[in-house]
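Peer 1: Pasting a structure below so you can have a look.
Just so you know, all these numbers are worked out from the coordinates, no wet-lab data involved. Since we're looking at a predicted model, the values are computed, not measured. Here the Cβ positions follow ideal geometry from the backbone for every residue, glycine too, while neighbour counts run over all protein chains shown.
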Amino acid sequence: MKETNYKKICKVSDLPNRRGKKFTIAEDTDIAVFRVAEKIYAVSNVCPHNQSNVINEGYLDEALYVACPIHGWQFSLKTGKVPPECKGLSATLDTYEVKIENDEVWVEVKEKKKKWFF
């Protein structure tokens with residue numbers, strides 16, 4: 001069984017309600033973390049549309065979709081997928097498992113898949 005790595009990023013109280021905050025969890029991995037009441041979500045901070053590192057600055061709607069502040073594409077904080085009405089659009093954000101221990105937020109650090117271009 002593969003053990004999952006987690007990184008402590010902050011205290012729960014450091015996260016503003018319904019606003020994103022950017023964290024770096026690995027050398028080349030920035031995430032956007034959102035607290036909505038007592039639930040915390042972590043997604044890639046890089047929009048797949050133009051690789052902008054800005055999801056943390058996006059608008060969060062009541063259905064828990066965050067909109068990229070540059071072009072407005074929306075992504076679910078729960079699944080990373082675009083809304084169902086966006087038929088034909090398959091762009092997604094990576095999502096990260098979150099654990100809370102003693103008011104500390106721990107986020108899953110995923111092993112990067114190597115991409116070979118030969």
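Peer 1: Say R0 is 25 Å: what FRET efficiency, to the nearest 0.05, do residue 111 and residue 85 get from their beta-carbon distance?
Peer 2: 0.15
Peer 1: So, one more: Taking the alpha-carbon distance from residue 11 and a cut-off under 15 Å, which aspartates and glutamates remain once sequence neighbours fewer than 8 residues away in the same chain are dropped?
Peer 2: 38, 101, 103, 104
Peer 1: Which value in nm describes the separation of the simple spin-label points at residue 51 and residue 10, placed 7 Å from the Cα toward the beta carbon?
Peer 2: Here the answer is 2.7 nm between the modelled labels.
Peer 1: Treat the count of other C-beta atoms within 10 Å as a stand-in for reagent exposure and order 107, 33 from fewest to most.
Peer 2: Listed from fewest to most nearby Cβ atoms, that is 107, 33.
Peer 1: Here is a further query. Using r as the Cβ-Cβ distance of residue 24 and residue 62, and R0 as 41 Å, what FRET efficiency do you calculate, to the nearest 0.05? Intermediate results must be reported in sequence, preceding the final value.
Peer 2: On the way: r = 29 Å, r/R0 = 0.71.
It comes to 0.90.
Peer 1: Also: How large, in Å, is the chain by the Kirkwood hydrodynamic radius built from its alpha-carbon pairs?
Peer 2: Hydrodynamic radius (Kirkwood, Cα only) of the chain equals 14.8 Å.
Peer 1: With labels modelled as points extended 7 Å from the Cα through the Cβ direction, what inter-label distance (nm, one decimal) is found for residue 70 paired with residue 94?
Peer 2: If labels sit at residue 70 and residue 94, their model points lie 1.8 nm apart.
Peer 1: Follow-up. With θ set to phi - 60°, apply the Karplus curve 6.51 cos²θ - 1.76 cosθ + 1.60 along region 101-110 and write out the HN-Hα couplings as whole Hz, x wherever there is a Gly or Pro.
Peer 2: 9, 6, 6, 10, 9, 10, 10, 4, 10, 7
Peer 1: Find the relative contact order for the chain and round it to a whole percent, using C-alpha pairs within less than 8 Å whose residues are 6+ positions apart.
Peer 2: Relative contact order of the chain: 26 percent.
Peer 1: By the scheme Lys and Arg +1, Asp and Glu -1, what is the net charge of all other residues having a beta-carbon under 11 Å from that of residue 24?
Peer 2: Once positives and negatives cancel, what remains is -1.
Peer 1: In what order do 73, 106 fall by count of nearby beta-carbon atoms within 10 Å, going from fewest to most? Don't skip to the end; give the middle numbers.
Peer 2: Numbers: 73 21, 106 18.
Arranged by neighbour count, lowest to highest, 73, 106 become 106, 73.
Peer 1: Which one, 105, 70, 10, is farthest towards the positive end of the dipole of the chain when Lys and Arg carry +1 and Asp and Glu -1 on their Cβ?
Peer 2: The residue sitting farthest along the positive end of the dipole is 70.
Peer 1: Shifting gears a bit: Pick out which of 101, 62, 27 has the largest mean-square fluctuation in a Gaussian network model of the chain, springs linking Cα atoms closer than 10 Å.
Peer 2: With Cα springs under 10 Å in the chain, the top fluctuation among 101, 62, 27 is at 27.
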